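The values are calculated or read from the model by the stated rules, or taken from the named source; none is laboratory data. Bear in mind the structure is a predicted one, so any value in this text is a computation, not a measurement. Methodologically, a virtual Cβ is constructed for each residue, glycine included, from the backbone with ideal geometry; neighbour enumeration extends over all protein chains shown.
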Amino acid sequence: MKKFLKILGIVGIVLAVVLAGGFIYFNSSFPKVEPAKNITVEITKARLERGKYLVSHVTVCTDCHSSRDFSKFSGPIKPETEGIGGETFGEEMGFPGSITPKNITPASLGTWSDGEIIRAITCGVTKDEEVIFPLMPYYNYNQLSEEDLYSIVSYIRSLKPVENQTPERELNFPLNYIVNTLAVEKYTPKESVNKDDKIKYGKYLVTIASCGDCHTPTIENEPDMERQFAGGNDFNLPIGTIRTANLTPDIETGIGNWTREDFIKKFKYYDNDTTRNISVGEKDFNSVMPWTMYAGMTEGDLGAIYDYLRTVKPVKNLVQKWTPPQQNLTKK
(Lines give C-alpha, C1' and ligand atoms only; values in the text may rest on other atoms or scores of the structure.)
Protein backbone atom coordinates (compact mmCIF):
# COMPACT_ATOMS: atom_id res chain seq x y z
CA MET A 1 0.00 0.00 0.00
CA LYS A 2 2.80 2.40 0.88
CA LYS A 3 4.53 1.55 -2.40
CA PHE A 4 1.32 2.28 -4.29
CA LEU A 5 0.88 5.63 -2.57
CA LYS A 6 4.50 6.48 -3.31
CA ILE A 7 4.02 5.66 -6.99
CA LEU A 8 0.81 7.66 -7.01
CA GLY A 9 2.62 10.60 -5.45
CA ILE A 10 5.38 10.44 -8.06
CA VAL A 11 2.80 10.31 -10.87
CA GLY A 12 1.05 13.33 -9.37
CA ILE A 13 4.32 15.28 -9.21
CA VAL A 14 5.15 14.37 -12.81
CA LEU A 15 1.68 15.47 -13.98
CA ALA A 16 2.00 18.73 -12.06
CA VAL A 17 5.38 19.40 -13.66
CA VAL A 18 4.04 18.60 -17.13
CA LEU A 19 1.00 20.84 -16.64
CA ALA A 20 3.14 23.65 -15.25
CA GLY A 21 5.54 23.30 -18.18
CA GLY A 22 2.66 23.34 -20.64
CA PHE A 23 1.18 26.42 -18.97
CA ILE A 24 4.52 28.24 -19.09
CA TYR A 25 5.04 27.22 -22.74
CA PHE A 26 1.54 28.37 -23.70
CA ASN A 27 1.89 31.74 -22.03
CA SER A 28 5.35 32.31 -23.51
CA SER A 29 4.25 31.27 -27.02
CA PHE A 30 1.08 33.34 -27.32
CA PRO A 31 0.04 35.74 -28.58
CA LYS A 32 1.95 35.10 -31.79
CA VAL A 33 2.08 38.62 -33.13
CA GLU A 34 4.73 40.91 -34.49
CA PRO A 35 5.99 43.71 -32.20
CA ALA A 36 4.34 47.08 -32.63
CA LYS A 37 6.06 48.98 -35.44
CA ASN A 38 7.91 52.25 -34.89
CA ILE A 39 5.41 54.45 -36.70
CA THR A 40 4.48 58.09 -36.21
CA VAL A 41 1.34 59.05 -38.10
CA GLU A 42 1.37 62.55 -39.53
CA ILE A 43 -1.92 64.18 -38.59
CA THR A 44 -3.36 66.24 -41.43
CA LYS A 45 -6.72 67.91 -42.01
CA ALA A 46 -7.57 65.35 -44.70
CA ARG A 47 -6.78 62.44 -42.38
CA LEU A 48 -8.81 63.94 -39.54
CA GLU A 49 -11.83 64.35 -41.86
CA ARG A 50 -11.50 60.87 -43.32
CA GLY A 51 -10.87 59.36 -39.89
CA LYS A 52 -13.95 61.00 -38.41
CA TYR A 53 -16.02 59.72 -41.32
CA LEU A 54 -14.75 56.15 -40.94
CA VAL A 55 -14.93 56.00 -37.13
CA SER A 56 -18.39 57.58 -37.01
CA HIS A 57 -20.08 56.06 -40.06
CA VAL A 58 -18.22 53.03 -41.51
CA THR A 59 -16.00 51.13 -39.07
CA VAL A 60 -18.21 52.66 -36.35
CA CYS A 61 -15.60 52.26 -33.61
CA THR A 62 -17.60 54.62 -31.43
CA ASP A 63 -20.63 52.33 -31.72
CA CYS A 64 -19.10 50.02 -29.10
CA HIS A 65 -16.67 52.43 -27.43
CA SER A 66 -19.31 54.98 -26.37
CA SER A 67 -22.49 55.03 -24.33
CA ARG A 68 -25.66 54.52 -26.40
CA ASP A 69 -29.14 55.77 -25.59
CA PHE A 70 -31.56 52.89 -26.16
CA SER A 71 -34.53 54.97 -25.11
CA LYS A 72 -34.25 56.04 -28.77
CA PHE A 73 -34.38 53.90 -31.87
CA SER A 74 -31.09 52.15 -32.71
CA GLY A 75 -29.34 53.56 -29.64
CA PRO A 76 -27.65 56.75 -30.87
CA ILE A 77 -24.51 57.80 -29.00
CA LYS A 78 -25.12 59.89 -25.92
CA PRO A 79 -23.59 63.37 -26.14
CA GLU A 80 -20.10 63.76 -24.63
CA THR A 81 -19.50 59.99 -24.45
CA GLU A 82 -17.67 59.43 -27.75
CA GLY A 83 -14.87 56.96 -27.17
CA ILE A 84 -15.12 56.80 -23.36
CA GLY A 85 -15.91 53.08 -23.28
CA GLY A 86 -19.10 51.18 -23.95
CA GLU A 87 -21.81 48.99 -22.55
CA THR A 88 -20.98 45.59 -21.06
CA PHE A 89 -21.71 42.51 -23.17
CA GLY A 90 -22.55 39.69 -20.77
CA GLU A 91 -23.75 36.11 -20.59
CA GLU A 92 -27.38 37.23 -20.69
CA MET A 93 -26.68 38.31 -24.29
CA GLY A 94 -24.96 35.04 -25.17
CA PHE A 95 -21.35 36.10 -24.58
CA PRO A 96 -18.88 33.80 -22.79
CA GLY A 97 -18.31 36.08 -19.84
CA SER A 98 -18.31 39.83 -19.38
CA ILE A 99 -16.72 42.14 -21.96
CA THR A 100 -16.71 45.94 -21.82
CA PRO A 101 -15.21 47.96 -24.70
CA LYS A 102 -12.39 50.15 -23.40
CA ASN A 103 -11.88 53.89 -23.24
CA ILE A 104 -10.15 54.90 -26.49
CA THR A 105 -9.87 58.63 -25.83
CA PRO A 106 -6.39 60.14 -25.33
CA ALA A 107 -7.03 59.96 -21.56
CA SER A 108 -6.56 56.20 -21.94
CA LEU A 109 -4.41 55.87 -25.07
CA GLY A 110 -2.19 58.86 -24.42
CA THR A 111 0.77 56.67 -23.45
CA TRP A 112 0.35 54.38 -26.46
CA SER A 113 2.49 54.83 -29.54
CA ASP A 114 0.86 55.05 -32.96
CA GLY A 115 2.34 51.65 -33.74
CA GLU A 116 0.68 50.16 -30.65
CA ILE A 117 -2.70 51.61 -31.60
CA ILE A 118 -2.29 50.28 -35.14
CA ARG A 119 -1.42 46.81 -33.84
CA ALA A 120 -4.45 46.81 -31.53
CA ILE A 121 -6.79 47.82 -34.37
CA THR A 122 -5.44 45.37 -36.96
CA CYS A 123 -4.05 42.48 -34.91
CA GLY A 124 -6.03 42.61 -31.67
CA VAL A 125 -3.18 42.97 -29.18
CA THR A 126 -2.92 45.80 -26.66
CA LYS A 127 0.09 47.75 -25.48
CA ASP A 128 0.28 45.31 -22.54
CA GLU A 129 0.24 42.25 -24.84
CA GLU A 130 -3.34 41.33 -23.94
CA VAL A 131 -5.35 39.80 -26.79
CA ILE A 132 -8.61 41.65 -27.40
CA PHE A 133 -11.76 39.53 -27.53
CA PRO A 134 -12.86 39.47 -31.21
CA LEU A 135 -16.08 41.27 -30.41
CA MET A 136 -13.86 43.98 -31.87
CA PRO A 137 -13.54 42.88 -35.51
CA TYR A 138 -9.78 43.24 -35.89
CA TYR A 139 -9.81 40.44 -38.48
CA ASN A 140 -11.77 42.82 -40.69
CA TYR A 141 -9.79 45.89 -39.70
CA ASN A 142 -6.68 44.01 -40.78
CA GLN A 143 -7.95 44.68 -44.33
CA LEU A 144 -7.93 48.46 -43.90
CA SER A 145 -5.88 50.39 -46.40
CA GLU A 146 -2.85 52.01 -44.82
CA GLU A 147 -4.18 55.50 -45.50
CA ASP A 148 -7.57 54.73 -43.93
CA LEU A 149 -5.82 53.16 -40.94
CA TYR A 150 -3.65 56.24 -40.46
CA SER A 151 -6.76 58.41 -40.74
CA ILE A 152 -8.50 56.42 -37.99
CA VAL A 153 -5.46 56.76 -35.72
CA SER A 154 -5.38 60.49 -36.40
CA TYR A 155 -9.02 60.94 -35.48
CA ILE A 156 -8.82 58.79 -32.34
CA ARG A 157 -5.91 60.95 -31.22
CA SER A 158 -8.18 64.01 -31.61
CA LEU A 159 -11.03 62.77 -29.39
CA LYS A 160 -11.77 64.75 -26.26
CA PRO A 161 -9.79 63.15 -23.40
CA VAL A 162 -12.19 61.72 -20.81
CA GLU A 163 -11.12 59.85 -17.69
CA ASN A 164 -13.35 56.78 -17.50
CA GLN A 165 -12.32 53.42 -16.05
CA THR A 166 -14.18 50.47 -17.57
CA PRO A 167 -14.62 47.06 -15.88
CA GLU A 168 -11.95 44.45 -16.52
CA ARG A 169 -12.83 41.63 -18.89
CA GLU A 170 -13.89 38.29 -17.43
CA LEU A 171 -14.00 35.33 -19.81
CA ASN A 172 -15.20 31.85 -18.93
CA PHE A 173 -12.84 28.87 -18.94
CA PRO A 174 -11.34 27.70 -21.29
CA LEU A 175 -11.89 30.77 -23.50
CA ASN A 176 -9.90 32.88 -21.05
CA TYR A 177 -6.86 30.97 -22.35
CA ILE A 178 -7.99 30.26 -25.90
CA VAL A 179 -8.43 34.00 -26.55
CA ASN A 180 -4.63 34.33 -26.49
CA THR A 181 -4.43 32.29 -29.71
CA LEU A 182 -6.83 34.53 -31.64
CA ALA A 183 -4.59 37.49 -32.45
CA VAL A 184 -3.65 38.21 -36.06
CA GLU A 185 0.10 37.78 -36.51
CA LYS A 186 0.75 40.94 -38.49
CA TYR A 187 -0.68 43.76 -40.54
CA THR A 188 0.52 44.14 -44.10
CA PRO A 189 -0.13 47.67 -45.41
CA LYS A 190 -2.87 47.69 -48.06
CA GLU A 191 -3.25 50.09 -50.94
CA SER A 192 -6.33 52.30 -51.13
CA VAL A 193 -9.17 50.82 -53.20
CA ASN A 194 -10.21 52.68 -56.34
CA LYS A 195 -13.67 54.11 -55.59
CA ASP A 196 -14.56 53.99 -59.28
CA ASP A 197 -14.51 50.19 -59.08
CA LYS A 198 -17.88 50.09 -57.34
CA ILE A 199 -18.02 46.38 -56.60
CA LYS A 200 -14.46 46.12 -55.31
CA TYR A 201 -14.86 49.28 -53.24
CA GLY A 202 -18.24 48.05 -51.99
CA LYS A 203 -16.65 44.80 -50.83
CA TYR A 204 -13.96 46.80 -49.04
CA LEU A 205 -16.59 48.89 -47.23
CA VAL A 206 -18.65 45.82 -46.32
CA THR A 207 -15.50 44.22 -44.89
CA ILE A 208 -14.33 47.14 -42.73
CA ALA A 209 -17.92 47.85 -41.66
CA SER A 210 -18.09 44.21 -40.52
CA CYS A 211 -21.54 43.68 -42.06
CA GLY A 212 -20.92 39.95 -42.33
CA ASP A 213 -20.21 39.55 -38.62
CA CYS A 214 -23.85 40.20 -37.73
CA HIS A 215 -25.55 39.25 -40.99
CA THR A 216 -23.94 35.82 -41.56
CA PRO A 217 -25.55 32.86 -39.73
CA THR A 218 -23.33 30.71 -37.54
CA ILE A 219 -22.91 26.99 -36.98
CA GLU A 220 -21.34 26.08 -33.63
CA ASN A 221 -20.16 29.69 -33.22
CA GLU A 222 -18.46 29.69 -36.62
CA PRO A 223 -19.77 31.73 -39.60
CA ASP A 224 -21.61 29.60 -42.14
CA MET A 225 -19.95 30.89 -45.29
CA GLU A 226 -22.38 28.92 -47.47
CA ARG A 227 -25.06 31.32 -46.20
CA GLN A 228 -22.96 34.48 -46.06
CA PHE A 229 -25.06 37.62 -45.43
CA ALA A 230 -28.27 35.56 -45.11
CA GLY A 231 -29.09 37.03 -41.69
CA GLY A 232 -30.95 35.43 -38.81
CA ASN A 233 -28.41 35.89 -36.02
CA ASP A 234 -30.09 36.34 -32.64
CA PHE A 235 -29.63 39.18 -30.16
CA ASN A 236 -31.33 38.25 -26.90
CA LEU A 237 -32.32 41.46 -25.13
CA PRO A 238 -34.82 42.49 -22.43
CA ILE A 239 -37.23 43.59 -25.19
CA GLY A 240 -37.09 40.11 -26.76
CA THR A 241 -35.05 38.52 -29.51
CA ILE A 242 -33.91 40.66 -32.45
CA ARG A 243 -32.59 38.99 -35.60
CA THR A 244 -30.42 40.36 -38.38
CA ALA A 245 -31.79 40.85 -41.88
CA ASN A 246 -31.03 38.82 -44.99
CA LEU A 247 -28.76 41.00 -47.17
CA THR A 248 -28.40 38.56 -50.06
CA PRO A 249 -30.08 39.31 -53.41
CA ASP A 250 -32.72 36.61 -52.86
CA ILE A 251 -35.98 37.88 -54.36
CA GLU A 252 -38.35 36.57 -51.69
CA THR A 253 -36.41 36.91 -48.42
CA GLY A 254 -33.48 39.22 -49.15
CA ILE A 255 -32.92 42.50 -50.97
CA GLY A 256 -33.41 41.08 -54.45
CA ASN A 257 -36.36 43.39 -55.12
CA TRP A 258 -34.63 46.48 -53.75
CA THR A 259 -33.36 49.11 -56.13
CA ARG A 260 -30.14 50.98 -55.46
CA GLU A 261 -32.24 54.00 -54.53
CA ASP A 262 -34.34 51.92 -52.10
CA PHE A 263 -31.18 50.74 -50.35
CA ILE A 264 -29.73 54.23 -50.02
CA LYS A 265 -33.03 55.70 -48.82
CA LYS A 266 -33.31 53.04 -46.10
CA PHE A 267 -30.11 54.34 -44.53
CA LYS A 268 -30.55 58.01 -45.29
CA TYR A 269 -33.96 58.03 -43.58
CA TYR A 270 -32.08 58.25 -40.26
CA ASP A 271 -29.81 61.08 -41.37
CA ASN A 272 -31.67 63.99 -39.77
CA ASP A 273 -32.31 65.30 -36.26
CA THR A 274 -35.88 63.98 -36.14
CA THR A 275 -35.22 60.36 -37.12
CA ARG A 276 -32.03 60.28 -35.06
CA ASN A 277 -34.16 60.89 -31.97
CA ILE A 278 -37.15 58.56 -32.27
CA SER A 279 -38.29 57.65 -28.76
CA VAL A 280 -38.84 53.94 -28.06
CA GLY A 281 -40.68 52.39 -25.11
CA GLU A 282 -39.04 49.77 -22.88
CA LYS A 283 -41.20 47.00 -24.38
CA ASP A 284 -41.20 48.26 -27.98
CA PHE A 285 -39.14 46.98 -30.90
CA ASN A 286 -35.68 48.49 -31.11
CA SER A 287 -32.57 47.76 -33.15
CA VAL A 288 -28.97 47.13 -32.12
CA MET A 289 -27.85 48.10 -35.62
CA PRO A 290 -26.48 51.66 -35.43
CA TRP A 291 -28.67 53.06 -38.19
CA THR A 292 -28.05 56.63 -37.07
CA MET A 293 -24.29 56.11 -37.51
CA TYR A 294 -24.39 54.30 -40.86
CA ALA A 295 -26.83 56.94 -42.09
CA GLY A 296 -23.92 59.35 -42.26
CA MET A 297 -22.27 57.40 -45.07
CA THR A 298 -22.22 59.12 -48.43
CA GLU A 299 -24.72 58.01 -51.03
CA GLY A 300 -21.79 56.93 -53.18
CA ASP A 301 -20.47 54.59 -50.48
CA LEU A 302 -23.92 53.19 -49.71
CA GLY A 303 -24.45 52.63 -53.43
CA ALA A 304 -21.14 50.78 -53.68
CA ILE A 305 -22.18 48.52 -50.79
CA TYR A 306 -25.45 47.77 -52.58
CA ASP A 307 -23.58 47.03 -55.83
CA TYR A 308 -21.36 44.53 -54.03
CA LEU A 309 -24.20 42.83 -52.14
CA ARG A 310 -25.95 42.26 -55.48
CA THR A 311 -23.01 40.03 -56.46
CA VAL A 312 -23.14 37.67 -53.47
CA LYS A 313 -24.88 34.29 -53.55
CA PRO A 314 -28.68 34.60 -53.10
CA VAL A 315 -29.80 32.62 -50.03
CA LYS A 316 -33.45 31.94 -49.22
CA ASN A 317 -33.77 32.65 -45.50
CA LEU A 318 -36.94 34.23 -44.17
CA VAL A 319 -36.10 36.10 -40.99
CA GLN A 320 -38.56 37.08 -38.27
CA LYS A 321 -36.89 40.29 -37.16
CA TRP A 322 -38.33 40.41 -33.62
CA THR A 323 -39.85 38.03 -31.12
CA PRO A 324 -41.25 39.90 -28.08
CA PRO A 325 -40.41 38.43 -24.63
CA GLN A 326 -43.87 37.02 -24.01
CA GLN A 327 -43.71 35.07 -27.29
CA ASN A 328 -40.29 33.69 -26.32
CA LEU A 329 -41.77 32.45 -23.04
CA THR A 330 -44.77 30.92 -24.86
CA LYS A 331 -42.45 29.02 -27.22
CA LYS A 332 -40.53 27.60 -24.26
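For segment 147-196, how many residues are within 30 Å of residue 79 (Cα to Cα) and of a type in the set (D, E, K, R)?
Residues flagged as within 30 Å of residue 79 (Cα to Cα) and of a type in the set (D, E, K, R) within segment 147-196 amount to 8.
Given the structure, is residue 56 free of Cβ contacts under 8 Å to residues at least 40 places away in the same chain, crowded, with 17+ Cβ neighbours inside 10 Å and within 15 Å of the chain's Cα centre (by Cα)?
no
Across segment 235-256, what is the total count of residues that are over 24 Å from residue 59 (Cβ atoms) and touching a strand residue (DSSP E or B) at 6+ places or on another chain (Cβ under 7 Å)?
2
Looking only at helices (runs of 4 or more DSSP H) that lie completely in segment 167-250, which have at least 1 residues being more than 30 Å from residue 263 (Cβ to Cβ) and of a type in the set (A, V, I, L, M, F, W, C)?
175-178
Hey, can you tell me all the residues within segment 90-139 that are modelled with pLDDT of 95 or more, of a type in the set (Gly, Ala, Ser) and surrounded by fewer than 22 Cβ atoms within 10 Å (Cβ to Cβ)?
Correct list: 97, 98, 107, 108, 110, 113, 115.
Mind telling me which of the residues 193, 125, 206 ends up being touching a Pro at 6+ places or on another chain (Cβ under 8 Å), of a type in the set (Val, Ile, Thr) and on the phi < 0 side of the Ramachandran plot?
125
Would you tally the residues in segment 166-197 being within 18 Å of residue 148 (Cβ to Cβ), touching a Ser or Thr at 6+ places or on another chain (Cβ under 9 Å) and in contact (Cβ under 8 Å) with a residue 60 or more places away in the chain?
Of the residues in that region, 3 qualify.
Return the residues of segment 229-243 that are within 17 Å of the chain's Cα centre (by Cα) and modelled with pLDDT of 95 or more; say none if nothing qualifies.
229, 231, 243
Every residue, every condition in (1) touching a residue at least 40 places away in the same chain (Cβ under 8 Å); (2) acidic (Asp, Glu); (3) touching a Leu at 6+ places or on another chain (Cβ under 7 Å), yes or no:
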| site | (1), (2), (3) |
| --- | --- |
| 126 | no, no, no |
| 129 | yes, yes, no |
| 143 | yes, no, no |
| 154 | yes, no, yes |
| 160 | yes, no, no |
| 214 | yes, no, no |
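Checking residue 276 against (1) closer than 26 Å to residue 140 by Cα; (2) among the charged types (D, E, K, R); (3) assigned to a helix (DSSP H, G or I): exactly one of these is not met. Which one?
Against the list (1) closer than 26 Å to residue 140 by Cα; (2) among the charged types (D, E, K, R); (3) assigned to a helix (DSSP H, G or I), residue 276 comes up short only on (1).
Pick from segment 59-89 the residues that are farther than 19 Å from residue 155 by Cα and of a type in the set (A, V, I, L, M, F, W, C): which of them is surrounded by the fewest Cβ atoms within 10 Å (Cβ to Cβ)?
So the residue we want is 70.
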